[in-house]
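One structure is given here, and the rest of the page talks about it.
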Amino acid sequence: MPGLSVAEVSLTPHADLDLHLEVGETRPARALERALRDAIVTGRVTAGCRLPTTRSLAADLGVARTTVSEVYAQLAAEGWLESRVGAGTWVAETAPSRPDRAEAQAAEPDGRPRPYWGGYPDASLFPLGEWAAAARRAADAATLAELGYSEDLRGSLRLRAELASYLRRTRGAQVSPERIVIGQGFSGLLALTCRAMAGAGARRLAVEEYGHPAHREIAAAAGLELVPVPVDGEGADVSRLGPGIDGVLLTPAHQFPTGVPLSPARRRAVIAWAQQTGGLVIEDDYDGEFRYERRAVGALQAMAPDQVMYIGTASKALGPAVGLAWAAVPKTRLAGLIAQRSVLNEPRDTLNQLTLAEFIAAHSYDRQVRRMRAEYRRRREYLAARLAARVPRARLAGVPAGIQAFVILPAGTDPDQVVAAGLRRGLAFKALHEYAASAGSGNPPAIVAGFGASPATRAQSDIHLVVAAIEESIADRCRLSEGEN
């Protein structure tokens, strides 16, 4: 074919394999990168195969040796290849493969699309061994009082003490064990908080224009009227908060799902509003530990412990199965929160709380956060690289953080078509408008892809499916435009 270089190369050690590579005369580096990746993904080149030397492959293809070196280095950085000192370049043992590239699927065995939603962590990375060891130590040390009914509705004192120390050290929070309340997940503590607000006479709660629909439903079920506030490049526009607002629910460290932190000026502004009006700031610190470029943004609670209800959870660093969350409660709000807990008579789950206390005390929680941070950072960087290589007009927005990506699509792209293309590939993610608090929101064309949700063994291949879904939708739009012309 004109404009193509074709190399028939022999790969060892298992057998002499002929590999057909087509490399265009223009942009040969990108073409070679795509051709090698395609050969690995489709299984034409299997894990453990040794690639030709850069000199040999460059001669076969008629390209510069530096081009081949750069491609090998790029694919090695992405995890597709391994460079072994004195032994050449090999296809990585852990490189993803798909026997049928055209119809690759990520669906569950029963055919249901697998959740790839924002906020979902990878359950396959749960530290089962360390957790089991902590559970054994916690059970051995448990007292009879801890194993029986407790009159302290705040939760295990041992866990509250460990959390107070951890939150001061890692999130900069100003908190003591006496003002921490343990709950079942963020949603459970949010429900208690909203019920307590309504019981104290609150009527209106401001929420970010984009956020978890379930959280808005919880607040509405407590009898609070929701008031959406716009979100832009500085986070929630808190200047829209007025004296008629009784509280505001924010994700200040990493806005969900757009990925922008609340700017310093707006952090100061919302604290000033709360101090002047007596309003409550509910801080959802759902993934505050996962910041990749620099040190994490500290907790907003540290600026005004008497105005901010800080809520964190173990669901992202450990897994939803742990089911524990914690609130650092302003002094004036503590009695109301405890009163609501007394009415609901929630289960205590004391053994799980004692296990988490032991897990934190042994610094296993710190180690797990570091492991997860490194893993999720690799996934986000891999997604950014794949978008840049295959869909350069799409881009990741927000700061490098968290366990989901906010992907701005090229102008004119229908995000619902991208979502549909993802479903056909077995992945269920959402368009931005599905997180909107009102239909009138001016939604840019964007999707929210939860790269944290993949099992570790599928992380890279799932990213390829997301990028392929975007590519398909753009190609369909282009064909439609050409047909109309």
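Suppose we keep only residues that are under 35 Å from the mean Cα position of the chain (by Cα) and open to solvent by less than 100 Å² (accessible area, probe 1.4 Å) within region 147-157. Which one would you say is farthest from GLN340 (Cα to Cα)?
Out of the qualifying residues, it is SER156.
So that you can scan it fast, the table gives a plain yes or no per residue for (1) charged (D, E, K, R); (2) closer than 30 Å to VAL71 by Cβ; (3) open to solvent by less than 10 Å² (accessible area, probe 1.4 Å):
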position: ALA362; (1), (2), (3): no, no, no
position: GLN368; (1), (2), (3): no, no, yes
position: MET372; (1), (2), (3): no, no, yes
position: ALA385; (1), (2), (3): no, yes, no
position: ALA389; (1), (2), (3): no, yes, no
position: ALA394; (1), (2), (3): no, yes, yes
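Tell me the strands (runs of 3 or more DSSP E) entirely within region 16-127 that contain at least 1 residues that are at pLDDT below 80.
Qualifying strands (runs of 3 or more DSSP E): 17-24, 81-84.
Which condition number in (1) touching a residue at least 40 places away in the same chain (Cβ under 8 Å); (2) more than 27 Å from the chain's Cα centre (by Cα) is the one that ALA269 fails?
(1)
Give GLN417, GLN404 a once-over and let me know the one that is of a type in the set (S, T, N, Q), under 26 Å from GLY319 (Cα atoms) and either in contact with a helix residue (DSSP H, G or I) (Cβ under 7 Å, 6 or more places away or on another chain) or at pLDDT 95 or above (or both).
Values: GLN417 fails: under 26 Å from GLY319 (Cα atoms).
Result: GLN404 is the single residue among GLN417, GLN404 that is of a type in the set (S, T, N, Q), under 26 Å from GLY319 (Cα atoms) and either in contact with a helix residue (DSSP H, G or I) (Cβ under 7 Å, 6 or more places away or on another chain) or at pLDDT 95 or above (or both).
Please give the number of the condition ALA327 fails out of (1) farther than 11 Å from ILE182 by Cα; (2) in contact with a strand residue (DSSP E or B) (Cβ under 6 Å, 6 or more places away or on another chain).
Failed condition: (1).
Quick grid of which residues meet (1) more than 29 Å from VAL281 (Cβ to Cβ); (2) in contact with a Ser or Thr (Cβ under 9 Å, 6 or more places away or on another chain):
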site: THR332; (1), (2): no, no
site: ARG341; (1), (2): no, no
site: GLU346; (1), (2): no, no
site: VAL369; (1), (2): no, yes
site: ARG378; (1), (2): yes, no
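Of all residues in region 398-427, which are surrounded by 18 or more Cβ atoms within 10 Å (Cβ to Cβ), of a type in the set (Gly, Ala, Ser) and either assigned to a strand (DSSP E or B) or on the phi < 0 side of the Ramachandran plot (or both)?
Result: ALA401, ALA405, ALA421, GLY422.
Looking for something within 22 Å of ILE338 (Cα to Cα), open to solvent by 30 Å² or more (accessible area, probe 1.4 Å) and not aromatic (Phe, Trp, Tyr) - is there at least one such residue anywhere in region 248-265?
No, every residue in region 248-265 fails to be within 22 Å of ILE338 (Cα to Cα), open to solvent by 30 Å² or more (accessible area, probe 1.4 Å) and not aromatic (Phe, Trp, Tyr).
Only one of these conditions is not met by ARG268: (1) assigned to a loop (DSSP other than H, G, I, E, B); (2) at pLDDT 95 or above; (3) of a type in the set (D, E, K, R). Which number is it?
Looking at each condition in turn, ARG268 falls short on (1).
Please specify each residue of region 55-73 satisfying the condition of being under 37 Å from the mean Cα position of the chain (by Cα) and surrounded by 19 or more Cβ atoms within 10 Å (Cβ to Cβ).
Within region 55-73, THR67, VAL68, VAL71, TYR72 meet the criteria.
May I ask you to say which residue of ARG240, ARG203 is open to solvent by 30 Å² or more (accessible area, probe 1.4 Å), touching a residue at least 40 places away in the same chain (Cβ under 8 Å) and out of contact with any His (no Cβ under 9 Å at 6 or more places or on another chain)?
Of ARG240, ARG203, the one residue that is open to solvent by 30 Å² or more (accessible area, probe 1.4 Å), touching a residue at least 40 places away in the same chain (Cβ under 8 Å) and out of contact with any His (no Cβ under 9 Å at 6 or more places or on another chain) is ARG203.
Could you check region 169-186 and list, in sequence order, the residues that are surrounded by fewer than 16 Cβ atoms within 10 Å (Cβ to Cβ) and assigned to a helix (DSSP H, G or I)?
Passing the criteria: ARG169, GLU178.
Restricting to region 49-64, name every residue that is β-branched (Val, Ile, Thr) and either touching a helix residue (DSSP H, G or I) at 6+ places or on another chain (Cβ under 7 Å) or under 15 Å from TRP80 (Cβ atoms) (or both). Quick ask: steps written out before the conclusion?
Initial filter on region 49-64 (β-branched (Val, Ile, Thr)): 53-54, 63.
Listed by number, the residues that qualify are THR54, VAL63.
For region 457-485, give me each residue that is modelled with pLDDT of 70 or more, surrounded by fewer than 13 Cβ atoms within 10 Å (Cβ to Cβ) and small (Gly, Ala, Ser).
ALA475
On the given criteria, is ALA198 open to solvent by 20 Å² or more (accessible area, probe 1.4 Å), touching a strand residue (DSSP E or B) at 6+ places or on another chain (Cβ under 7 Å) and either modelled with pLDDT of 95 or more or not in a helix (DSSP H, G or I) (or both)? Don't jump to the end; show me each part of the working.
Working: open to solvent by 20 Å² or more (accessible area, probe 1.4 Å): yes; touching a strand residue (DSSP E or B) at 6+ places or on another chain (Cβ under 7 Å): no; either modelled with pLDDT of 95 or more or not in a helix (DSSP H, G or I) (or both): yes.
When the stated conditions are applied, ALA198 does not pass them.
Only residues in region 17-41 that are under 13 Å from TYR72 (Cβ atoms) and open to solvent by 10 Å² or more (accessible area, probe 1.4 Å) count as the first member; pair them with residues that are at pLDDT 70 or above and charged (D, E, K, R), Cβ under 6 angstrom, at least 6 apart or cross-chain, and list the lot.
Here the result reads ALA29/GLU70, each pair linking region 17-41 to a residue that is at pLDDT 70 or above and charged (D, E, K, R).
The values are calculated or read from the model by the stated rules, or taken from the named source; none is laboratory data. Since the structure is predicted, the reported quantities are computational estimates derived from the model, not experimental observations. Because the Cβ atoms are built from the backbone with ideal geometry, glycine has one as well, and the counts that use them run over all protein chains shown. Surface accessibility is based on the protein's heavy atoms, side chains included, excluding ligands, DNA and RNA. Shrake-Rupley method; radii C 1.70, N 1.55, O 1.52, S 1.80 Å.
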